[in-house]
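The values are calculated or read from the model by the stated rules, or taken from the named source; none is laboratory data. If you're wondering where the values come from, they're calculated on a predicted model, not measured in any experiment. Cβ placement follows ideal geometry from the backbone for every residue including glycine, while neighbour counts extend to all protein chains displayed. Surface areas here come from the heavy atoms of the whole protein model, side chains and all, with no ligands, DNA or RNA. Shrake-Rupley method; radii C 1.70, N 1.55, O 1.52, S 1.80 Å.
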Amino acid sequence: MKTILQHPDAPSCVREANKILRQCCGAEGSGTPLGDMDIFNTLEDRPAWRVHGVGKDVVAGGEVKGALSLISIEVQDKATIKMFLRFSLGKHTYATRAVTQTNSNIFWEELTGNLVPGVIEHIFTTAEDEQGYFIAMQNNLPIAQEETDPFTAYKDFGASLWRDEYAQELHVFPLKESTYCHAILMPWEVGKLVMKPLNRIV
């Protein structure tokens with residue numbers, strides 16, 4: 001694989017992939033693209049987690065309540081939710097994008113099994129379920145169907161092209177029961193990003 005990536009006549013998309021590999025697969029780690037997918041398992045198999053700080057009580061907005069209703073959690077009018085800026089999963093830290101871009105870009109697994117990238121907008125718990133913690137994120141929009149993603153020819157690499165903009169609606173999923181990991185990303189063309197799941201902080 002190294003020979004292909006470093007060949008001077010390799011396609012431009014492969015040369016760009018080589019740059020990403022150098023960032024996310026350094027000599028200090030396991031370093032294999034497929035190994036970077038090992039983060040995708042249930043929280044029961046993961047290290048201990050904790051939220052940072054005591055949280056801030058805010059009135060739940062319509063977008064959050066609507067997203068919660070899609071996973072069968074109803075929040076009363078003017079009900080408060082407790083917002084957090086960060087949480088840790090073992091040595092890895094996740095945060096809202098109001099805090100940092102680095103730890104707020106993630107991939108998460110939908111019920112369909114698809115891996116979708118996005119950005120964390122909120123980390124919170126509700127009064128109705130004080131033991132349940134949730135992540136609210138906005139998904140990156142996919143590229144147009146007529147556009148070609150050159151990374152589809154390199155499935156083992158795990159990268160894909162997405163638009164550098166987000167869906168308007170929020171998606172909420174449980175922090176404890178869901179599968180997700182950090183994302184590494186870099187600009188590709190105007191309005192596009194190449195993104196890859198990552199099992200450690202960039």
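Relative to the Cα centre, what is the charge dipole magnitude of region 63-141, using +1 at the beta carbon of each Lys and Arg, -1 at the beta carbon of each Asp and Glu, and rounding to the nearest 20 debye?
Charge dipole of region 63-141: 380 debye, to the nearest 20.
Longer than 26 Å from Cα to Cα, which of LYS82/LYS192; LYS65/LYS192; LYS91/LYS176 are they? Say none if no pair is.
The pairs that break the limit, which is 26 Å between Cα atoms, are LYS82/LYS192; LYS65/LYS192.
Going by accessible area, probe 1.4 Å, with all protein chains left in place, what is the ranking of LEU111, LEU89, largest first?
In descending accessible area the options line up as LEU111, LEU89.
Per 0.36 nm of contour for each residue apart, how much would the distance between GLU146 and LYS56 grow if the chain were fully extended, relative to their Cα-Cα spacing?
28.0 nm
Region 63-168: which trypsin sites (Lys or Arg not before Pro) are DSSP loop and have at most 12 other beta-carbon atoms within 10 angstrom?
In loop regions of region 63-168 (DSSP not H, G, I, E or B), the sparsely surrounded trypsin sites (Lys or Arg not before Pro) are LYS78, LYS91.
Only sites in a loop by DSSP and with at most 16 other Cβ atoms within 10 Å count here; which GluC sites (Glu not before Pro) in region 45-120 make the cut?
In loop regions of region 45-120 (DSSP not H, G, I, E or B), the sparsely surrounded GluC sites (Glu not before Pro) are GLU74, GLU110.
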